[in-house]
Structures are given as C-alpha cells and as structure tokens.
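The values are calculated or read from the model by the stated rules, or taken from the named source; none is laboratory data. It should be emphasised that the depicted structure is a prediction, and the values quoted were computed from it without experimental measurement. Quick reminder, even Gly has a Cβ in these numbers, built from the backbone with ideal geometry, and neighbours come from all protein chains shown. Surface areas here come from the heavy atoms of the whole protein model, side chains and all, with no ligands, DNA or RNA. Shrake-Rupley method; radii C 1.70, N 1.55, O 1.52, S 1.80 Å.
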Amino acid sequence: MKMRLLMLSLLSTLLACGPSPILQHATAGEPTQRVAEKAETRLHSRWLQGPAVGSESVLVASFTDQNGQVLTLSNLQVELWMPDMGHGSAPVKIEAQADGSYLIKQMYFIMGGTWEVHFRDGDRVLVTLVVNL
Amino acid sequence: MRGQAVLFLAFVLAGPSARAAACCGPSASLPSLLTSGERWKLQGGLSQTTAIADVGTNGEAVFRRPGDRRSMSLMSLEVAGEIRESWQAGITASRSPRDGRAGDLSLQVMHEALPETDGPRGLMRAFVFLQATFPTGRALEELQSPEEDPTGEGRGSVALGAVGIRRGWSDDQFVSARLRRFSSRVFSEGTGISSSWKADLAAGTGRTWGAWRGGVSVRAEHEGARDVMSGGVPGQAAENYRFPVGFSGSYFFKGGAMAQLQYTDDTLLGPVRNILLGRGFALVFAQRFY
C-alpha cells in the first residue's frame, strides 16, 4: 500500500512539472518561409510540392545577382539543416533546367520546426531559405 | 522461478536493445543485465515507432496531421555474459528491417557494485556500467533516399551509468541514471555540431502474477545545448528534453525464455522542448543460459 502511494505521488509530481503534450498541444498549420538576411544572391523560388513534413518536397529555384543578372552555377549544392536540433537531412537531387533554373527534388523535411535550406556554389553559401513547418 | 522472473524483468522493463526514433535515428538504451544467476543471455527485439508531434524551443508540442506521421522499425540483438565474478559484458547491435542496413554498435561493461543484500522490504542490488556506442549506423545526413530510415545517432558516445533494483515477492522496482558524452561531427564544409552531454534518469515498477508480469516506467531525457555551424554561420542548438512513459506485459516460459510486449509514449508527460515525440511498440524475446 505504501509503495502504491509512493508511485502515485511520484506520478503526480511528474504531471505537475509541466503541461502534458497530449492534453495541451497545437495542430500543424500552414508552412511559412523567408529568405535569411545578408544574402549576397537573390533567390527566386516556387514550390511544386510541399513544403511538408514526412513527404517529398520539390522546389524550383533560380538565382540572380544584385543587378538582376541570372546566375549560372557550375556547382550548385543544396543542404537542409535544422539549427535548433543540430542535424540535417538526406541529400537532395538537383536538375538544371534549360531556362537557367534548378529543379530540386527529394527535399525531405523529416520533422516539424524551423529548417534552413542552404544554397551553395561549391563551398560558398549564396543564400539561405528559412522554412517553418 | 517466480523470484527470478521478477528480477530478470526489472531490466527488460528499461526497453528493447535499441528503440526506434521516427525521425532522428535510434537511441542506445540501457544495457541489459544478468540478474538471475545466468551465465549469459541472448535478447532480440523488434520495435516500431511513429512520430506524433514536433516540439520547438518554445516548448509547444505541434501534433502532426495523420498523413505526416512517419513510422520507423528497428530490429535489435543483444548478448550479455558474465566475464568474471561480479563483472559482466555485453554487445548490442541493430538493423533496419526495411533495407537491412546496420545500426549503431554498443559495447558495455557492468560491475555489480552492491551484491544482493537483504533490505527492509526485499532484496537490493546495484550495478555501475560503462557503455561505448560506435556510429556504425546510417545517420540522417547519410541517407541516400527519402525512403531510407536512419539507423544511427550519427555520433559516437561514451556513457557512465548506474542501476539499482529492489525485488520483493511479487513486485520489483528499479532506478537508473546515465550520463553520455557525444563526440563532435562535421557534416560538410561550414556545417557541423560540437560535442555534447546527454543525461537520462529512469524509474519503474512491476508486479508479477505467476508467469505473467506487468510493468510501468518513466524516463527523463535531457540533452544539453550544442554549438553548431550552419551554412558557415556559428550558432547554438538548444537543449532538449522529454519524459517517455513505458508500459510492458511479459510472459515467462519454462527453461529461461521470456516474451514481452512494450508500449512507449512520449506524449503523456511534460514539459518537453526542442524534440520529436513518438509512440511505439516493441516485441522482445530473451533467453537465459545457466
């Protein structure tokens, strides 16, 4: 009997520590996005699919310099990164299009929260897109 | 037989050898201990965990729409044996049943610091352990396609921990503590994460009815803040914590075998912060050898 009371007290203490997620939570809403400040390059982007958690997202992106000239990138790399969590995601697939844009497939946001999409030319980060899911 | 069953189960209650985490790879669990006079033990498990909610740095849990609730499965195998009096060693391996890819590998050495002692309400024992986890699994950043599951945490770690158990005639309790130190890692040029600390505390209790046993446990997990480099810009990944609750039902066969069904839920207790919450089932089989 004493042991049951002890366990009940322990459980009550834990429940009192903070809100239970199952009793107090929100439901996933619409995603938002913005381009991070101090970008050297202008990003023009359009989602063909997503952005969404748990399924493939597809983005069309093109880049211009400060004068509006379209940039042709020889070594475009795109990396998904979740700074609050300290992890990234699977590599994406990039296909250059005839009009100078890039089709970015297999973008996989594995969980909800704030993501950064780093667009690089080689090792140089051109622009970062911040996506809230 | 009954007393052995109770004591044996106190540690199975801690969870399968490795629990799937639906987004970020499985996390190494507490080492399995030999507590019933057996010379060695073989334990296998199959777990499936589904991501239910994402929690940001503000502590608000955002439940996913049903279509976004990704699931992940993991098979695990653990062998533990007595290497000399009061010393044990074990190895834990895991694998993704989806594509057969190996998970992280854990090695552990345990010492019985407090041999079985008569206490006021039962028998008490305590163990300390050292656990090393090698990042042999596939981390998130190493996935080749969205269909693949991560099978590892992506970083190696060393852990120091202790487990205390008490067993009575038909009930048992355990408490455990573990402190882990993760190594740093560079994912690509300008992107990486520093080393970090992670701690977990757990407590549980169970009751036995003949060859059956039911148990419940609560664990507190906390990982400290980490320095990160993201896109060449230094920052900090915030601390995270959650309180998984586990329920288990077990059956003991004659000859030292045991089968157990576990349910784990991260969404029942708060507070939570900067972490993914999941729910999962695991089926565990174990065989003791004397």
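Here each label is just a point 7 Å from Cα along the line to Cβ, and for B:W169 and A:S55 those points are 5.9 nm apart. The magnitude of the dipole of the protein assembly as shown, with charges of +1 and -1 set on the Cβ of Lys/Arg and Asp/Glu and taken from the Cα centre, is near 1540 debye.
At a Förster radius of 56 Å, what calculated FRET efficiency corresponds to the Cβ-Cβ distance of A:R124 and B:D118, to the nearest 0.05?
On the way: r = 69 Å, r/R0 = 1.23.
Rounded to the nearest 0.05, the efficiency is 0.20.
About its Cα centre, the dipole of region A:26-132 is roughly 100 debye, where the only charges are +1 on Lys and Arg Cβ and -1 on Asp and Glu Cβ.
Extension gain, A:N67 to A:A26: 0.36 nm times the residue separation minus the Cα-Cα distance gives 10.5 nm.
Interface of A with B. Using a 1.4 Å probe and counting protein heavy atoms only, the two chains hide about 3700 Å² of accessible surface, both sides summed.
To the nearest 500 deg cm²/dmol, what mean residue ellipticity at 222 nm is calculated for chain B from DSSP H runs of n ≥ 4 alone, each contributing -39,500 (n - 2.57), summed and divided by the residues? Write down the numbers at each step before the final one.
On the way: 1 runs with 11 residues, N = 290.
My calculation for chain B gives -1000 deg cm²/dmol from helical runs alone.
Ordered from largest to smallest accessible area (heavy atoms of protein chains, 1.4 Å probe), the residues A:K93, B:K41, A:K105, B:K198 come out as A:K93, A:K105, B:K198, B:K41. In the assembled protein chains, A:H44 presents an accessible area of approximately 80 Å² (probe radius 1.4 Å). Percent of Cα pairs in region B:187-290 per distance bin of 5 Å, from zero to the largest separation: 3, 11, 15, 15, 13, 12, 10, 8, 6, 4, 2, 1, 0.
Considering only the Cα atoms of the protein assembly as shown, their convex hull presents on average a projected area of 20.7 nm².
Scaling against 2.2 N^0.38 Å puts the C-alpha radius of gyration of chain B at 1.00. Legend: mean number of C-beta atoms from other chains within 10 angstrom of residue C-beta atoms, peptide B:228-241, equals 5.
Under 13 Å between alpha carbons, and skipping anything fewer than 8 positions from A:K93 in its own chain: which aspartates and glutamates qualify? Result set, ordered by chain and number: A:E56, A:E79.
Comparing B:D266, B:D149, B:D227 in a Gaussian network model of chain B where C-alpha atoms under 10 Å apart are linked, the largest mean-square fluctuation is found at B:D227. Taking label points 7 Å from Cα along the Cα-to-Cβ direction, B:V128 and A:K93 give a separation of 5.3 nm. Charged side chains reduced to their Cβ positions (Lys and Arg at +1, Asp and Glu at -1) give chain B a dipole of some 660 debye around its Cα centre. Helix B:2-12 and the long axis of chain B differ in direction by around 10°, with both axes built from C-alpha atoms. In region A:26-132, one over the average inverse separation of all distinct C-alpha pairs is 14.2 Å, which is the Kirkwood hydrodynamic radius. Summary of the geometry: region B:223-269 and region A:107-121, compared by the centres of their Cα atoms, lie 24 Å apart.
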